[in-house]
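Colleague: One structure follows; several queries about it will come next.
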Amino acid sequence: MNALLDQESSQTAASQPVRTLIEQPGDLRSETRMTIQTRQAQKLVVGRKSADHVEPIIGLLDFGRRMKLIWLSAEADDPFAYWFLIKIEQSLTESQALIQAKTDWLNARLGEIRGFEIQVAQSLQPLQVPIYFQNPYGYMGAYLIADYDALARSVFTARHIALIDRAVAEQLLQATGKAIRRTFNLAGQWKFTGVTREDVLAQ
């Protein structure tokens with residue numbers, strides 16, 4: 001009986017295709033979702049389309065698509081694409097530093113209140129936004145918005161408990177939001193030329 005079962009198992013295994021180490025594994029895929037809890041951060045994700053007398057605003061999703069083209073052009077040895085990558089990375093770093101500075105200042109203010117345990121406000125129905133970018137700059141932009149979203153929650157909390165007034169709250173959100181939009185808009189300024197370093201050297 002055992003011999004018969006072993007024979008059937010061997011026949012079943014032999015009928016199934018066997019992938020050997022000579023073959024290559026398939027492409028890797030991952031799923032990433034970012035949580036959005038404020039309308040201010042949501043606007044930075046989706047941006048704004050152009051309309052009559054209204055300028056478009058590049059959001060995170062459009063920023064990621066544009067960065068893909070710049071990234072591929074840089075890989076094709078386009079010196080102008082390299083230049084834009086440097087400019088955008090520098091702007092990302094500056095925006096990150098600004099958000100961190102504002103966050104540190106606000107956290108210090110929240111920590112000054114004695115005798116209270118303050119919980120930062122959270123959305124009762126946060127948005128789960130699936131994101132997938134084919135270059136690291138898209139994710140760097142997403143991290144920027146995640147930090148901005150956290151700052152916005154702290155700003156609304158501080159204003160609600162009368163730690164800061166409306167003017168200060170708006171200044172914090174406008175300054176940091178403007179920095180992010182400025183960074184994303186840099187991607188919209190790049191134009192494909194097809195030029196390579198060899199073309200530049202050959203004039």
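The values are calculated or read from the model by the stated rules, or taken from the named source; none is laboratory data. The structure displayed is predicted, hence computed values, not measured ones. Cβ placement follows ideal geometry from the backbone for every residue including glycine, while neighbour counts extend to all protein chains displayed. Accessible surface areas use protein heavy atoms only, side chains included; no ligands, DNA or RNA. Shrake-Rupley method; radii C 1.70, N 1.55, O 1.52, S 1.80 Å.
Colleague: Would a scan of the range 178-194 turn up a residue that is in contact with a helix residue (DSSP H, G or I) (Cβ under 7 Å, 6 or more places away or on another chain), over 22 Å from residue 57 (Cβ atoms) and surrounded by 13 or more Cβ atoms within 10 Å (Cβ to Cβ)?
Modeller: Taking every residue of the range 178-194 in turn, none turns out to be in contact with a helix residue (DSSP H, G or I) (Cβ under 7 Å, 6 or more places away or on another chain), over 22 Å from residue 57 (Cβ atoms) and surrounded by 13 or more Cβ atoms within 10 Å (Cβ to Cβ).
Colleague: Can you tell me which residue is farthest from the chain's Cα centre (by Cα) among those in the range 133-169 that are polar (S, T, N, Q) and assigned to a helix (DSSP H, G or I)?
Modeller: Step one: filter the range 133-169 for residues polar (S, T, N, Q), giving 134-135, 154, 157.
Next cut, assigned to a helix (DSSP H, G or I) only: 154, 157.
Numbers: 154: 20, 157: 24 Å.
Among them, the one singled out is 157.
Colleague: While we're on this one: Out of the residues in the range 154-169 that are touching a helix residue (DSSP H, G or I) at 6+ places or on another chain (Cβ under 9 Å) and of a type outside the set (Val, Ile, Thr), state the one that is surrounded by the most Cβ atoms within 10 Å (Cβ to Cβ).
Modeller: Out of the qualifying residues, it is 158.
Colleague: Next question, about the same structure. Please count how many residues of the range 86-122 are over 16 Å from residue 185 (Cβ atoms), acidic (Asp, Glu) and not in a loop (DSSP other than H, G, I, E, B).
Modeller: The qualifying residues number 1.
Colleague: Cβ-Cβ distance below 8 Å, separation of 6 or more or different chains: which pairs start in the range 118-137 with a residue that is touching a residue at least 40 places away in the same chain (Cβ under 8 Å) and end on one that is part of a loop (DSSP other than H, G, I, E, B) and surrounded by 11 or more Cβ atoms within 10 Å (Cβ to Cβ)?
Modeller: What qualifies is 118/161; 122/37; 123/37; 123/38; 126/37; 127/37.
Colleague: A follow-up question, please. So, of the residues in the range 157-185 that are of a type in the set (Ser, Thr, Tyr) and in contact with a Phe, Trp or Tyr (Cβ under 9 Å, 6 or more places away or on another chain), which turns out to be nearest to residue 147 (Cα to Cα)? Even if it seems obvious, please write down each step before you answer.
Modeller: Step one: filter the range 157-185 for residues of a type in the set (Ser, Thr, Tyr), giving 157, 176, 183.
The next check asks that each one be in contact with a Phe, Trp or Tyr (Cβ under 9 Å, 6 or more places away or on another chain); those that pass are 176, 183.
On the way: 176: 10, 183: 15 Å.
My answer is 176.
Colleague: Could you look through the range 103-139, keep only residues that are in contact with a Ser or Thr (Cβ under 9 Å, 6 or more places away or on another chain), modelled with pLDDT of 90 or more and more than 17 Å from residue 37 (Cβ to Cβ), and pick out the one that is least open to solvent (accessible area, probe 1.4 Å)?
Modeller: Filtering the range 103-139 for residues that are in contact with a Ser or Thr (Cβ under 9 Å, 6 or more places away or on another chain), modelled with pLDDT of 90 or more and more than 17 Å from residue 37 (Cβ to Cβ), the one least open to solvent (accessible area, probe 1.4 Å) comes out as 133.
Colleague: Further, regarding this structure: Is there any pair linking a residue in the range 46-65 that is more than 18 Å from residue 129 (Cβ to Cβ) to one that is surrounded by fewer than 14 Cβ atoms within 10 Å (Cβ to Cβ) and of a type in the set (S, T, N, Q), with Cβ under 6 Å and at least six apart or on different chains, and which?
Modeller: 56/50
Colleague: As an exercise: evaluate residue 192 against (1) assigned to a helix (DSSP H, G or I); (2) modelled with pLDDT under 90; (3) in contact with an Asp or Glu (Cβ under 9 Å, 6 or more places away or on another chain); (4) hydrophobic (A, V, I, L, M, F, W, C) and give the number of the one condition it does not meet.
Modeller: The single condition residue 192 does not satisfy is (1).
Colleague: Just checking, which of 19, 33, 48 is farther than 16 Å from residue 149 by Cα, modelled with pLDDT of 75 or more and either open to solvent by 90 Å² or more (accessible area, probe 1.4 Å) or basic (Lys, Arg) (or both)?
Modeller: Exactly one of 19, 33, 48 is farther than 16 Å from residue 149 by Cα, modelled with pLDDT of 75 or more and either open to solvent by 90 Å² or more (accessible area, probe 1.4 Å) or basic (Lys, Arg) (or both), namely 48.
Colleague: Among the residues in the range 64-82, are any open to solvent by less than 60 Å² (accessible area, probe 1.4 Å) and either among the charged types (D, E, K, R) or in contact with a strand residue (DSSP E or B) (Cβ under 7 Å, 6 or more places away or on another chain) (or both)?
Modeller: The answer is yes; a qualifying residue exists.
Colleague: Check residue 153 against each of (1) within 30 Å of residue 72 (Cβ to Cβ); (2) among the basic types (Lys, Arg); (3) in contact (Cβ under 8 Å) with a residue 12 or more places away in the chain and name the one condition it does not meet.
Modeller: Of the numbered conditions (1) within 30 Å of residue 72 (Cβ to Cβ); (2) among the basic types (Lys, Arg); (3) in contact (Cβ under 8 Å) with a residue 12 or more places away in the chain, the odd one out for residue 153 is (1).
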